[in-house]
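A short write-up of the structure that comes next.
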Amino acid sequence: MMLERLCSVTDIPDGEARRFDLGALRIAVVHIGDDFYAIGDRCSHADVSLAEGEVDPVARTVECAKHGSCFSVETGEPNSLPATKAVPTYELRVDDGDLYVEVH
(Lines give C-alpha, C1' and ligand atoms only; values in the text may rest on other atoms or scores of the structure.)
Protein backbone atom coordinates (compact mmCIF):
# COMPACT_ATOMS: atom_id res chain seq x y z
CA MET A 1 0.00 0.00 0.00
CA MET A 2 1.23 3.46 -0.90
CA LEU A 3 -0.11 6.95 -0.22
CA GLU A 4 -0.22 9.30 -3.23
CA ARG A 5 -0.72 13.03 -2.71
CA LEU A 6 -3.53 14.35 -4.90
CA CYS A 7 -4.01 18.01 -3.97
CA SER A 8 -4.79 20.47 -1.21
CA VAL A 9 -8.27 20.25 0.35
CA THR A 10 -8.87 23.81 -0.87
CA ASP A 11 -8.37 22.75 -4.53
CA ILE A 12 -11.80 21.07 -4.69
CA PRO A 13 -14.75 23.37 -3.95
CA ASP A 14 -17.57 22.01 -1.79
CA GLY A 15 -20.16 20.22 -3.93
CA GLU A 16 -17.76 19.53 -6.79
CA ALA A 17 -15.55 16.73 -8.09
CA ARG A 18 -12.09 16.68 -9.68
CA ARG A 19 -10.33 14.02 -11.74
CA PHE A 20 -6.83 12.79 -10.95
CA ASP A 21 -4.73 10.46 -13.09
CA LEU A 22 -2.24 8.22 -11.30
CA GLY A 23 -0.68 6.31 -14.15
CA ALA A 24 -3.48 4.18 -15.61
CA LEU A 25 -5.63 4.77 -12.52
CA ARG A 26 -8.31 7.47 -12.89
CA ILE A 27 -9.83 8.73 -9.65
CA ALA A 28 -12.67 11.20 -9.05
CA VAL A 29 -12.44 13.02 -5.73
CA VAL A 30 -15.75 14.43 -4.50
CA HIS A 31 -16.05 17.12 -1.80
CA ILE A 32 -19.28 17.25 0.21
CA GLY A 33 -19.28 19.44 3.32
CA ASP A 34 -16.47 18.26 5.60
CA ASP A 35 -16.10 14.96 3.72
CA PHE A 36 -14.03 13.88 0.74
CA TYR A 37 -14.61 10.68 -1.26
CA ALA A 38 -12.51 8.94 -3.90
CA ILE A 39 -14.14 6.68 -6.50
CA GLY A 40 -13.14 5.30 -9.87
CA ASP A 41 -13.52 8.04 -12.46
CA ARG A 42 -14.82 5.83 -15.29
CA CYS A 43 -18.57 5.27 -15.45
CA SER A 44 -19.16 1.50 -15.45
CA HIS A 45 -21.65 1.88 -18.33
CA ALA A 46 -19.51 3.97 -20.69
CA ASP A 47 -15.97 5.34 -20.55
CA VAL A 48 -17.03 8.77 -19.28
CA SER A 49 -15.40 10.80 -16.50
CA LEU A 50 -17.60 10.90 -13.39
CA ALA A 51 -15.75 14.02 -12.19
CA GLU A 52 -17.51 15.92 -14.99
CA GLY A 53 -20.92 14.99 -13.58
CA GLU A 54 -23.16 16.73 -11.09
CA VAL A 55 -22.68 16.09 -7.36
CA ASP A 56 -25.80 15.64 -5.20
CA PRO A 57 -24.73 16.50 -1.64
CA VAL A 58 -27.96 15.21 -0.06
CA ALA A 59 -27.97 11.80 -1.78
CA ARG A 60 -24.13 11.71 -1.71
CA THR A 61 -23.97 10.73 -5.36
CA VAL A 62 -22.25 11.84 -8.54
CA GLU A 63 -24.13 11.64 -11.82
CA CYS A 64 -22.57 10.50 -15.07
CA ALA A 65 -22.89 13.47 -17.45
CA LYS A 66 -23.45 11.23 -20.50
CA HIS A 67 -26.36 8.92 -19.60
CA GLY A 68 -27.45 10.03 -16.12
CA SER A 69 -26.48 7.05 -13.96
CA CYS A 70 -25.86 8.13 -10.36
CA PHE A 71 -23.16 6.50 -8.24
CA SER A 72 -22.86 6.53 -4.46
CA VAL A 73 -19.65 8.33 -3.50
CA GLU A 74 -19.58 6.18 -0.35
CA THR A 75 -19.92 2.71 -1.91
CA GLY A 76 -19.44 3.19 -5.67
CA GLU A 77 -22.78 1.44 -6.32
CA PRO A 78 -25.01 2.81 -9.09
CA ASN A 79 -28.56 3.69 -8.03
CA SER A 80 -29.98 4.26 -11.50
CA LEU A 81 -29.76 2.76 -14.98
CA PRO A 82 -28.14 2.34 -17.43
CA ALA A 83 -25.15 1.51 -15.18
CA THR A 84 -25.47 -1.78 -13.29
CA LYS A 85 -21.91 -2.31 -12.00
CA ALA A 86 -20.23 -0.45 -9.15
CA VAL A 87 -17.13 1.65 -9.62
CA PRO A 88 -14.23 1.14 -7.19
CA THR A 89 -13.83 3.27 -4.09
CA TYR A 90 -10.52 4.33 -2.55
CA GLU A 91 -9.43 5.27 0.94
CA LEU A 92 -8.64 8.98 1.29
CA ARG A 93 -6.64 10.61 4.05
CA VAL A 94 -6.32 14.25 4.98
CA ASP A 95 -2.92 15.21 6.35
CA ASP A 96 -1.96 18.81 7.09
CA GLY A 97 -4.49 20.16 4.58
CA ASP A 98 -3.54 17.77 1.76
CA LEU A 99 -5.49 14.84 0.32
CA TYR A 100 -3.79 11.47 -0.09
CA VAL A 101 -5.23 8.34 -1.66
CA GLU A 102 -4.21 4.77 -0.82
CA VAL A 103 -3.13 2.87 -3.90
CA HIS A 104 -2.18 -0.79 -4.01
Please identify the pairs in which a residue from segment 7-21 that is more than 12 Å from Phe36 (Cα to Cα) has its Cβ atom under 9 Å from the Cβ atom of a residue that is at pLDDT below 95 and assigned to a strand (DSSP E or B), counting only partners at least 6 apart or on another chain. Phe20/Glu4
Spot the failing condition for Ala65; the list is (1) surrounded by 14 or more Cβ atoms within 10 Å (Cβ to Cβ); (2) in contact with a strand residue (DSSP E or B) (Cβ under 7 Å, 6 or more places away or on another chain), and only one is missed. (2)
Just for segment 15-41: of the residues that are within 13 Å of the chain's Cα centre (by Cα) and among the acidic types (Asp, Glu), which one is surrounded by the fewest Cβ atoms within 10 Å (Cβ to Cβ)? Asp21
I'm told Gly53 meets every condition in (1) touching a Lys or Arg at 6+ places or on another chain (Cβ under 9 Å); (2) modelled with pLDDT of 95 or more; (3) of a type outside the set (D, E, K, R); (4) exposed (fewer than 14 other Cβ atoms within 10 Å of the Cβ) except one. Can you identify the failing condition by its number? (4)
Counted residues in segment 1-48 being in a strand (DSSP E or B), out of contact with any Gly (no Cβ under 9 Å at 6 or more places or on another chain), modelled with pLDDT of 95 or more and farther than 15 Å from Ser72 by Cα come to 7
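The values are calculated or read from the model by the stated rules, or taken from the named source; none is laboratory data. In this text, all values refer to a predicted model and were calculated from it rather than measured experimentally. Note: ideal-geometry Cβ built from the backbone for every residue, glycine included; neighbour counts use all protein chains shown.
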